[in-house]
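*Asks:* Sharing a structure, written as structure tokens. Questions coming.
The values are calculated or read from the model by the stated rules, or taken from the named source; none is laboratory data. In this text, all values refer to a predicted model and were calculated from it rather than measured experimentally. For neighbour counting, all protein chains shown are included, and Cβ atoms are generated from backbone atoms with ideal geometry for every residue, glycine included. The area values use the complete protein model at the heavy-atom level, side chains included, leaving out ligands, DNA and RNA. Shrake-Rupley method; radii C 1.70, N 1.55, O 1.52, S 1.80 Å.
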Amino acid sequence: MAVAQRAELTIVEDDTYRDMVYEGTAPPSLWRLSDGHAVVRIGSFAKTVAPGLRLGWIQAAPDMIGRLARLGYVYSGGGVNHTSALTMSAFGASGAYHEHLTIVRRAYSDRRDALVAALRRSPVHLDVPSPAGGWFIWLPLPAGRPAADVLATAEQHGVSFTPGSTFHVDDADDDHVRLSFSLLAPAELEEAARRLGAALAETR
Ligand SMILES: Cc1ncc(COP(=O)(O)O)c(C=O)c1O
């Protein structure tokens, strides 16, 4: 925030996972820490309701919102899905969205717990963090087992993941992997962890 303010930059805060919090409360958003001008915060219903909705919202200073709302595509008639927006507006106003959040938070935290517990039983010792929110475990790999090597063996065992270096412009974080627990049921995640453990034991 301080660097952006000094350089007079606007931060675009992609805050899509904020409602996927399982313990405590999420850390304050950059928007909340700002004076209401340096940050444009973007939310989405893609994670909480359905990716296919293609619907979200923007929180920003009124002059910024005004400029965005006046953009040509909004009134050209081609850009906004009014049916989805009005349906989600009714869903939120009725209180059903908040009930839905309680249900999906429980479902995802059950999946997280299943994967974390199964990884902690791995034959190769792993330091498995249990994330307090979101859909992913950022897993440090044991020394001497780079993610690319583990991935090749893991795929022979029928399990896959995203190597940490995918999230960098260089090869940093090749000793981490991102494991997603959003899609699969707890029993499938346990099987995935078992296969990953077998792949790690084979990778030297
Ligand atoms: C961090 C992040 N932001 C935004 C999106 C997309 O949101 P939308 O489908 O509403 O554009 C995703 C995933 O789909 C995401 O992971």
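*Asks:* Go through segment 6-30 and report how many residues are of a type in the set (D, E, K, R) and more than 21 Å from Ala46 (Cβ to Cβ). First the steps, then the outcome.
*Replies:* Step one: list which residues in segment 6-30 are of a type in the set (D, E, K, R), which gives 6, 8, 13-15, 18-19, 23.
Among the residues that remain, those that are also more than 21 Å from Ala46 (Cβ to Cβ) are: 6, 8, 23.
Within segment 6-30, residues that are of a type in the set (D, E, K, R) and more than 21 Å from Ala46 (Cβ to Cβ) number 3.
*Asks:* Could you list, in sequence order, all residues of segment 133-172 that are under 28 Å from Arg105 (Cβ atoms), touching a residue at least 24 places away in the same chain (Cβ under 8 Å) and more than 15 Å from the chain's Cα centre (by Cα)?
*Replies:* Pro140, Val159
*Asks:* Now, a different point. Of Thr83, Thr10, Thr87, which residue is within 29 Å of Ala132 (Cα to Cα) and of a type outside the set (A, V, I, L, M)?
*Replies:* Numbers: Thr83 fails: within 29 Å of Ala132 (Cα to Cα); Thr87 fails: within 29 Å of Ala132 (Cα to Cα).
Exactly one of Thr83, Thr10, Thr87 is within 29 Å of Ala132 (Cα to Cα) and of a type outside the set (A, V, I, L, M), namely Thr10.
*Asks:* When you look at Glu190, is it open to solvent by 40 Å² or more (accessible area, probe 1.4 Å), more than 18 Å from the chain's Cα centre (by Cα) and either closer than 27 Å to Pro27 by Cα or free of Cβ contacts under 8 Å to residues at least 12 places away in the same chain (or both), yes or no? Give the derivation first.
*Replies:* Working: open to solvent by 40 Å² or more (accessible area, probe 1.4 Å): yes; more than 18 Å from the chain's Cα centre (by Cα): yes; either closer than 27 Å to Pro27 by Cα or free of Cβ contacts under 8 Å to residues at least 12 places away in the same chain (or both): no.
Answer is no for this residue.
*Asks:* Next question. Any residue that is assigned to a helix (DSSP H, G or I), outside the structural domain of Ala26 (by TED's automatic domain parsing), modelled with pLDDT of 95 or more and open to solvent by less than 60 Å² (accessible area, probe 1.4 Å) - is there at least one of those in segment 123-145? Walk me through it before giving the result.
*Replies:* Our first condition is that a residue be assigned to a helix (DSSP H, G or I); within segment 123-145, this holds for none.
Within segment 123-145, not a single residue is assigned to a helix (DSSP H, G or I), outside the structural domain of Ala26 (by TED's automatic domain parsing), modelled with pLDDT of 95 or more and open to solvent by less than 60 Å² (accessible area, probe 1.4 Å).
*Asks:* Examine segment 136-158 for a residue that is of a type in the set (Ser, Thr, Tyr) and in contact with a strand residue (DSSP E or B) (Cβ under 9 Å, 6 or more places away or on another chain), and state whether such a residue exists. Steps first, answer last, please.
*Replies:* Residues of segment 136-158 that are of a type in the set (Ser, Thr, Tyr), as a first pass: 153.
If we keep only those that are in contact with a strand residue (DSSP E or B) (Cβ under 9 Å, 6 or more places away or on another chain) as well, we get none.
Scanning segment 136-158, I find no residue that is of a type in the set (Ser, Thr, Tyr) and in contact with a strand residue (DSSP E or B) (Cβ under 9 Å, 6 or more places away or on another chain), so the answer is no.
*Asks:* Suppose the filter is in contact (Cβ under 8 Å) with a residue 60 or more places away in the chain, outside the structural domain of Thr48 (by TED's automatic domain parsing), open to solvent by less than 50 Å² (accessible area, probe 1.4 Å) and on the phi < 0 side of the Ramachandran plot; does Ser182 pass it?
*Replies:* On the way: in contact (Cβ under 8 Å) with a residue 60 or more places away in the chain: yes; outside the structural domain of Thr48 (by TED's automatic domain parsing): yes; open to solvent by less than 50 Å² (accessible area, probe 1.4 Å): yes; on the phi < 0 side of the Ramachandran plot: yes.
Judged against the criteria, Ser182 is a match.
*Asks:* Would it be correct to say that Arg6 is farther than 30 Å from Leu200 by Cβ, open to solvent by 50 Å² or more (accessible area, probe 1.4 Å) and away from the ligand (no atom under 16 Å from the Cβ)?
*Replies:* On the way: farther than 30 Å from Leu200 by Cβ: yes; open to solvent by 50 Å² or more (accessible area, probe 1.4 Å): yes; away from the ligand (no atom under 16 Å from the Cβ): yes.
Against the criterion (farther than 30 Å from Leu200 by Cβ, open to solvent by 50 Å² or more (accessible area, probe 1.4 Å) and away from the ligand (no atom under 16 Å from the Cβ)), Arg6 qualifies.
*Asks:* Among the residues of segment 20-27, is there at least one that is open to solvent by less than 50 Å² (accessible area, probe 1.4 Å), within 16 Å of the ligand (Cβ to nearest atom) and within 16 Å of Ser182 (Cβ to Cβ)? Before the answer, list the steps.
*Replies:* Taking segment 20-27 and keeping what is open to solvent by less than 50 Å² (accessible area, probe 1.4 Å), we get 20-22, 26.
If we keep only those that are within 16 Å of the ligand (Cβ to nearest atom) too, we end up with 20-21, 26.
With within 16 Å of Ser182 (Cβ to Cβ) added as a condition, the list becomes 20-21.
Checked against the condition, which is being open to solvent by less than 50 Å² (accessible area, probe 1.4 Å), within 16 Å of the ligand (Cβ to nearest atom) and within 16 Å of Ser182 (Cβ to Cβ), segment 20-27 yields at least one hit.
*Asks:* Of all residues in segment 35-53, which are open to solvent by 40 Å² or more (accessible area, probe 1.4 Å), in a loop (DSSP other than H, G, I, E, B) and within 8 Å of the ligand (Cβ to nearest atom)?
*Replies:* Lys47 - this is the single residue of segment 35-53 that is open to solvent by 40 Å² or more (accessible area, probe 1.4 Å), in a loop (DSSP other than H, G, I, E, B) and within 8 Å of the ligand (Cβ to nearest atom).
*Asks:* Among the residues of segment 54-64, write down those that are open to solvent by 60 Å² or more (accessible area, probe 1.4 Å) and away from the ligand (no atom under 15 Å from the Cβ).
*Replies:* Matches in segment 54-64: Pro62, Asp63.
*Asks:* When you check Ile65 against the structure, is it assigned to a strand (DSSP E or B) and closer than 30 Å to Gln5 by Cβ, yes or no?
*Replies:* Details: assigned to a strand (DSSP E or B): no; closer than 30 Å to Gln5 by Cβ: yes.
No, not satisfied.
*Asks:* Kindly indicate whether Thr153 is surrounded by fewer than 17 Cβ atoms within 10 Å (Cβ to Cβ) and out of contact with any Cys (no Cβ under 8 Å at 6 or more places or on another chain).
*Replies:* On the way: surrounded by fewer than 17 Cβ atoms within 10 Å (Cβ to Cβ): no; out of contact with any Cys (no Cβ under 8 Å at 6 or more places or on another chain): yes.
When the stated conditions are applied, Thr153 does not pass them.
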